Amino acid sequence: MAQRTLSDSETALVDLIRSSEWMLRVLAAVRDERVADAWVGAGALRDLVWGERYGPGFSPERVRDVDVAFFDPHDLSRGNDERVEERLGQRLPGVPWEARNQAAVHTWYHGKFGGDPVEPLASIHDALATWPETATAVAVRLGSDDTIEICAPFGLDDLLGGVWRRNPRQISVERSLARLARHQPQTRWPAVTVIPPR
């Protein structure tokens, strides 16, 4: 089967990922552990892109967590997340792994964040479309042939363009403001544009 041609933005993201030995090791660990439909995204990917494009460079030791989104509808238990984190930790120690089964989000989201109960998610793409900011609603994975696959429900413009913007699908303005205060994107990446949550 012929491989499709990457867009300019996809090529730019792949090039940034390939420039980081640390990120490639992370992606290889997730692939080699054979977790069900597993992707790496959110903050670690944003830190790489924004550190290199809008800040002082990327420092793996400053990554708070490595979000591994996987999709396993056959085991919705919290223990499944914990087992995946343990397996990844054994394969690549020293990485702050945080694995979450996106098929199980509806079982705990309301209890943790309040608001209305959420519907079960149908796929990784569906899950990413609920993540808090458009720039971090992006995940990647390493294929068996070392190609880098990208899942980006909102595209790559905000991630590559350095735009912090609330994704209104599931996150409230109040929670978005709290995230903005906690993450302080304009302090960490001075050239990033913040669109205030409304």
Hey, any hits in segment 32-53 for a residue that's under 24 Å from Trp164 (Cα atoms) and more than 16 Å from the chain's Cα centre (by Cα)?
yes
Test Arg141 against the stated conditions and say whether it is surrounded by fewer than 19 Cβ atoms within 10 Å (Cβ to Cβ) and touching an Asp or Glu at 6+ places or on another chain (Cβ under 9 Å).
no
Among helices (runs of 4 or more DSSP H) lying entirely in segment 8-79, which contain 1 or more residues that are within 20 Å of Leu142 (Cα to Cα), touching a Phe, Trp or Tyr at 6+ places or on another chain (Cβ under 6 Å) and among the β-branched types (Val, Ile, Thr)?
none
Output the qualifying pairs, or none if there are none: Cβ atoms under 6 angstrom, residues six or more apart or on different chains, first residue in segment 101-123 and in contact (Cβ under 8 Å) with a residue 12 or more places away in the chain, second residue among the acidic types (Asp, Glu) and surrounded by 14 or more Cβ atoms within 10 Å (Cβ to Cβ).
Asn101/Asp72; Asn101/Asp81; Ala103/Asp72
Anything in segment 183-198 that is among the polar types (S, T, N, Q), within 20 Å of the chain's Cα centre (by Cα) and part of a helix (DSSP H, G or I)? List them, or say none.
Gln186
Would you point out which residue out of Trp131, Trp108 is among the hydrophobic types (A, V, I, L, M, F, W, C), outside any helix (DSSP H, G or I) and open to solvent by 20 Å² or more (accessible area, probe 1.4 Å)?
Trp131
Being surrounded by 14 or more Cβ atoms within 10 Å (Cβ to Cβ), of a type in the set (A, V, I, L, M) and touching a Phe, Trp or Tyr at 6+ places or on another chain (Cβ under 6 Å) is the filter here; which residues of segment 163-193 pass it?
Val192
Expected output for segment 143-159 (first residue over 16 Å from Ala127 (Cα atoms), partner among the charged types (D, E, K, R) and assigned to a strand (DSSP E or B), Cβ below 7 Å, 6+ apart or cross-chain) is Gly143/Glu149; Glu149/Arg141
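The values are calculated or read from the model by the stated rules, or taken from the named source; none is laboratory data. A quick note: this is a predicted structure, and the numbers were derived from the prediction, not measured. Counting neighbours? That spans all protein chains shown, and the Cβs are built from the backbone with ideal geometry, glycine included. Areas reflect the complete protein model, heavy atoms only, side chains present, ligands, DNA and RNA absent. Shrake-Rupley method; radii C 1.70, N 1.55, O 1.52, S 1.80 Å.
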